[in-house]
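I have placed the structure first, in the form of structure tokens, so that the comments after it can refer back to it.
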Amino acid sequence: MDKKQLKHYIALVHFLGELLGDQFEVVLHIYDGKRMYIAEIVNGQLSGRTKDSPITKFALELMEEEDYRQRDYLVNYKTRTKARKILQGSTFFIKDELDQLQGMICVNMDYSKQFDLADHIIKTLKLPISIKTAQLAEQEEGFAGNFTEILSENVNDIITEIIGPDQIQSNLSLTQEARLDIMRQLEAKGVFKIKGAVPQVARALGVSEPSVYRHRRMIQKKS
């Protein structure tokens, strides 16, 4: 994507942010062929993310599985922030004329105001419901099913999602083979396509950045 196209999409993100209002977070992800990064974000306070935040594990999976080749967009899937706020997400794939992925525009809607309104109506009508509507939504059958996304604030969140917190916390006792196995998982999930992933992986595994590059070369030779 050239600078002119990038400027166009950044303007589009700001247009959507103003048009939809502060209940909507609008994010522009750009893929430069090697790394995916946030080029612009409007109303990032809804998820706590900034331009320094990574794409999510869910978005990585869409990239690795090349889901964008089968469709142009996804709509109305459940997302959750690190603070456990429930949002509703939609993603539009930006592709070139050869259907190669160039980026994504993601829109996340905060419908907590709608929940508050529903709770107010229930209270006003004195209906026999003792649970908050937001809690009902979270308990909805299939909530954790297809297209559920956690809005990560840093790469370490994604690493923890993939390999689990126990392995992160016990990194000092990991053998080299165990570290290589973790690296294989991270490589398979596309974590190294996230801008700034290498230093965070190094910290999570308790190794140096050169060691991460060396382990990656070893993995790539065996694949």
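Once the chain from ARG35 to ARG71 is taken as fully extended at 0.36 nm per residue, the excess over their C-alpha distance is 10.8 nm.
Considering only beta bridges that DSSP places wholly inside the chain, some 90 percent are antiparallel.
Dividing the helix sum by the residues of the chain, where each DSSP H run of 4 or more adds -39500 (n - 2.57), gives a mean residue ellipticity at 222 nm of -13000 deg cm²/dmol.
For the chain, compute Rh as the Kirkwood radius over C-alpha pairs and then the Stokes-Einstein diffusion coefficient at 37 °C and 0.692 mPa s; write the answer in µm²/s, rounded to an integer. Once the numbers are plugged in, D ends up at 171 µm²/s.
Taking amide H atoms as placed 1.01 Å from N in the peptide plane, the amide H of GLY103 lies under 5 Å from those of TYR31, ILE94, each 5 or more residues away in sequence or on another chain.
Checking the cross-link pairs LYS3/LYS195; LYS78/LYS123; LYS7/LYS113; LYS57/LYS123; LYS3/LYS85 against a 28 Å limit on the alpha carbon distance flags LYS7/LYS113; LYS57/LYS123; LYS3/LYS85 as lying beyond it.
Overall shape: rounded for the range 155-222, with the ratio a/c of the largest to smallest alpha carbon gyration tensor axis below 1.5.
Stretching the chain fully between THR175 and LYS95 yields a gain of 24.7 nm (0.36 nm per residue, less the alpha carbon separation). Measuring r between the beta carbons of LEU19 and LYS222 and using R0 = 30 Å, the FRET efficiency lands at 0.05.
Only the coordinates and a few stated rules stand behind these numbers; no lab work does. These figures come from a predicted structure and were not determined experimentally. Note: ideal-geometry Cβ built from the backbone for every residue, glycine included; neighbour counts use all protein chains shown.
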